[in-house]
Structures are given as C-alpha cells and as structure tokens.
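A short worksheet on the structure shown next.
The values are calculated or read from the model by the stated rules, or taken from the named source; none is laboratory data. For clarity, every value in this text was computed on a predicted model and none was experimentally measured. Note that each Cβ is placed from the backbone with ideal geometry, even for glycine, and that neighbours are counted across all protein chains shown. When the accessible area is computed, the model is the full protein with side chains, heavy atoms only, and any ligands, DNA or RNA have been set aside. Shrake-Rupley method; radii C 1.70, N 1.55, O 1.52, S 1.80 Å.
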Amino acid sequence: MIYREMSMKVLLINGENGGSMKRCAEYLAREGILSETLVLQDEIQGCVACGKCYKQSRCIFHDEINRLLDHADEYDGMIVSANVYYGKPDDRVLRFLERLFRCDPAVWALKPAACVLSVRNSTSQTAAEQLAGSFGEMIYSGHCMVRTNSEDTEDAVQGMCDRMAWLLKCIDAGTKAGMKKPSGYVRKDISYMR
C-alpha cells in the first residue's frame, strides 16, 4: 500500500560513497514521503567554539549549514549516511552535525532521525552510538549497517526507511488528531568557566 499524501519531507545528508541515500529516497517515496538530498562537501570546517551560534542561531562560517538552517522548518525528519573508518564515523559528518545542531537545536527537536553506516568488513556499534549521540533532541529511530556487495544491504536500508516512514506517519496522525508536541526545546547556554 502506498501512502499517497506527500506532505512530509525527510532531509537526506549524504556523507558516504555508496548509493544508500538514493535507495532511501526510493523507499521513502514508496511510502509517500518526499526527500531532499544534501551531499556533503569534501572539507567541512569544524566548530571553533566562538559562541556566535548561541546569539545568532547561525554559524560564522558561511557554508551549507546556514543555507540548510534557512529551510530547516521544511523537514520532518533526517537520515544521515557516513562511511566508517577505523571504527568511527567520517569526521566531516560529525563536524557537520555538531555545527548544525549548535546553531539552532530547537528547529530539529522531536523530529525523527536515523543513520546509515557504510562499513567494510565488520559492524561497528561504537560508530552507530557516536553518530546517534550527535542527534541531540531528535528522536533516534535507528540505524543500519551497509557493506559493499552484501545481500543484506537492501533489506537493512529498506527496514530502516520503513521505521522512519512509520514514525513520521504516527506523528502526522497524532497531529491531525489534535495531539500537541511536548513543550519546546529550551536552549541552555553552557559555560565551562567557573
């Protein structure tokens, strides 16, 4: 059964070499969910802890992050893909997410998030946990590990996308039935100086 009403939209952040995000877009479309893919640049500037994002809700580095923040309200969820090197996600993906969620964490709060990890030969639960920890106030709906030339890859990606679609539909149904989201995210400025 195809869910025909395409009113929901998922942001696909592509930080891996495989075709996982293309498959995610296809599986979500079957469920009636739109998607938009952002391919990460080769070099992503890391956070320099200047604190400007707390005052401006924008990053001082003018790149994909600020352009994405201008349209963040359009997305109902997020799926991030990353290559796993030596047991941890690609640094540029981690840098991107760190800066994105520091700039305006409230806009992403209580939206579903998932990740696709592209591994070579073994699963890496530590990499999944590290990436999941980057999502902050988002609702983490799971991850899948994909391997090059593996028969399980299609099933893993489809299963993760099915869970994302189900969660989005539940949230949509609750909203239409009059349920309100819990109170909004309250930003807490953190100072490490005493």
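Starting from segment 124-147, keep only residues that are closer than 26 Å to D104 by Cα, then list their pairs with residues that are of a type in the set (G, A, S) and in a helix (DSSP H, G or I) whose Cβ atoms are within a distance under 8 Å, requiring at least 6 positions of separation or different chains.
Sorted first by the residue in segment 124-147, then by its partner, the pairs are E137/A106; Y140/A132; H143/A128; H143/A132.
Does V48 fit the bill of being free of Cβ contacts under 8 Å to residues at least 60 places away in the same chain and outside any helix (DSSP H, G or I)?
When the stated conditions are applied, V48 passes them.
Which of the residues spanning segment 133-181 are in contact with a Cys (Cβ under 7 Å, 6 or more places away or on another chain) and among the hydrophobic types (A, V, I, L, M, F, W, C)?
Answer for segment 133-181, where residues must be in contact with a Cys (Cβ under 7 Å, 6 or more places away or on another chain) and among the hydrophobic types (A, V, I, L, M, F, W, C): A156, V157, M160, C161.
Within segment 103-150, work out how many residues are of a type in the set (D, E, K, R), more than 14 Å from the chain's Cα centre (by Cα) and not in a loop (DSSP other than H, G, I, E, B).
1
Of these, K9, K52, K111, K22, which one is of a type outside the set (A, V, I, L, M) and in contact with a Phe, Trp or Tyr (Cβ under 6 Å, 6 or more places away or on another chain)?
K9
Considering every residue within segment 70-79, establish whether at least one is within 22 Å of Q41 (Cα to Cα), surrounded by fewer than 21 Cβ atoms within 10 Å (Cβ to Cβ), touching a helix residue (DSSP H, G or I) at 6+ places or on another chain (Cβ under 8 Å) and not hydroxyl-bearing (S, T, Y).
Scanning segment 70-79 turns up at least one residue that is within 22 Å of Q41 (Cα to Cα), surrounded by fewer than 21 Cβ atoms within 10 Å (Cβ to Cβ), touching a helix residue (DSSP H, G or I) at 6+ places or on another chain (Cβ under 8 Å) and not hydroxyl-bearing (S, T, Y).
Taking the stated definitions as given, is Q125 modelled with pLDDT of 80 or more and over 16 Å from G77 (Cα atoms)?
The answer is no for Q125.
Considering only segment 65-80, how many residues are farther than 24 Å from K22 by Cβ and assigned to a loop (DSSP other than H, G, I, E, B)?
Qualifying residue count, segment 65-80: 1.
Within segment 81-128, track down each residue that is open to solvent by 30 Å² or more (accessible area, probe 1.4 Å), under 20 Å from M21 (Cα atoms) and charged (D, E, K, R).
Result: K88, D91, R92, R95, R120.
Does F61 meet the test of being assigned to a loop (DSSP other than H, G, I, E, B), modelled with pLDDT of 90 or more and either among the basic types (K, R) or more than 18 Å from M160 (Cα to Cα) (or both)?
Yes.
From the residues in segment 129-161 that are farther than 20 Å from F101 by Cα and open to solvent by 60 Å² or more (accessible area, probe 1.4 Å), which one is modelled with the highest pLDDT?
Applying the filter and picking the extreme gives Q158.
Within segment 162-194, restricting attention to residues that are of a type in the set (K, R) and either part of a loop (DSSP other than H, G, I, E, B) or modelled with pLDDT under 80 (or both), which residue is surrounded by the fewest Cβ atoms within 10 Å (Cβ to Cβ)?
The extreme case among them is R194.
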